[in-house]
């Protein structure tokens with residue numbers, strides 16, 4: 001497999017600084033050699049250009065820094081589309097989760113994909129429901145066709161980029177009230193942590209894979225490291241206790257790999273400022289290699 005690494009050192013979408021250093025932390029943790037060790041050919045495309053936040057203005061309090069986020073995500077969409085068109089596997093390194101606007105819009109231009117969104121949060125707010133105005137809480141709603149039209153139709157693509165019936169959220173445990181209403185109306189499959197506790201990760205992952213693979217041409221994985229419990233991934237933008245265990249996170253990635261349908265992946269919200277000796281960057285590397293084929297035996 002040819003894997004293309006694309007860094008997006010952006011934290012405009014978040015309420016806390018630091019995730020712009022995430023791509024460097026993940027690379028420093030040994031992502032490229034780890035992928036090469038399992039037989040992948042790896043090309044590092046460097047980072048998408050992101051202007052410093054101090055040079056940008058945030059004019060709309062309900063869509064903070066949208067003027068800066070739009071060109072960055074539009075450029076990322078072009079790169080992901082190019083990677084998939086060449087038959088490669090795009091692996092996007094973040095950066096806050098608003099970058100998924102770019103990666104998924106770009107991927108959707110190449111094929112009709114199902115989406116597994118692994119996150120403590122659903123990121124399904126719109127400007128009207130968002131308590132903060134932070135765009136990293138809105139990308140999945142926009143990809144499903146809800147919210148500000150500049151996000152929904154990024155780069156002039158077809159909306160919605162992802163059919164809500166082909167989306168599965170895994171690991172949710174911190175949802176805003178308006179977000180819950182949006183999710184119910186859209187018909188998105190949400191597998192929260194209490195469901196994982198009751199039924200087990202294996203059963204939940206099977207349901208999610210069935211949901212996103214039915215009638216699609218592949219699966220895209222967008223993985224926010226805050227889905228993993230802070231015990232294992234302390235350095236994230238918005239930590240929430242009670243997340244996936246180390247083995248649950250690996251099992252999910254392994255099961256997605258076994259489908260043979262995984263087409264691309266995001267690793268987002270790694271914040272080295274809050275981390276412990278790059279523990280979260282290393283966790284991101286381990287999950288990437290599990291998703292791309294590494295097995296215990």
Helical mean residue ellipticity (222 nm; -39500 (n - 2.57) per DSSP H run of 4+; nearest 500) of the chain: -10500 deg cm²/dmol
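Take the Cα pairs of the stretch 68-183, get the Kirkwood Rh, then feed it into Stokes-Einstein at 20 °C and 1.002 mPa s and tell me D in µm²/s.
It comes out at roughly 153 µm²/s.
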Cα-only radius of gyration and Dmax that characterise the stretch 101-149, units Å: 11.2, 34
Quarter of Cα convex hull surface for the stretch 188-297, i.e. mean projection, nm²: 7.0
Residues 158, 129, 92, sorted so that the one with the fewest Cβ neighbours within 10 Å comes first: 158, 129, 92
Rg and Dmax of the stretch 124-260, Cα atoms only, in Å: 15.1, 42
Ratio of the Cα radius of gyration of the chain to 2.2 N^0.38 Å, where N counts its residues: 0.88
Two-site label geometry, residue 16 and residue 180: point separation in nm, points 7 Å out along Cα→Cβ: 2.4
Contour excess over end-to-end distance, with Cα ends at residue 37 and residue 210 and 0.36 nm allotted per residue: 59.3 nm
Net lengthening on full extension, residue 86/residue 28 (0.36 nm per residue, minus Cα-Cα): 18.2 nm
Residue exposure sequence - 45, 117 - by fewest surrounding Cβ within 10 Å: 45, 117
Whole-angstrom Cα spans of the stretch 174-233 along principal axes, big to small: 37, 28, 23
Values of log10 I(q)/I(0), in the order q = 0.12, 0.14, 0.18 Å⁻¹, for the stretch 1-153 under a Debye, Cα-only, solvent-free model: -0.49, -0.67, -1.08
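Would you mind computing the Rg to Rh ratio of the stretch 238-297 from its alpha-carbon coordinates, Kirkwood style for Rh? The partial results should precede the final answer.
Details: Rg = 12.4 Å, Rh = 12.6 Å.
With Rg and the Kirkwood Rh in hand, the quotient comes to 0.99.
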DSSP-defined beta bridges in the chain - what % are antiparallel, rounded to 5: 5
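Throughout, read-outs are computed from the coordinates displayed, never taken from laboratory work. Predicted, not measured: the structure shown is a model, and the values here were computed from it. Cβ: placed from backbone, ideal geometry, glycine included. Neighbour counts: every protein chain shown.
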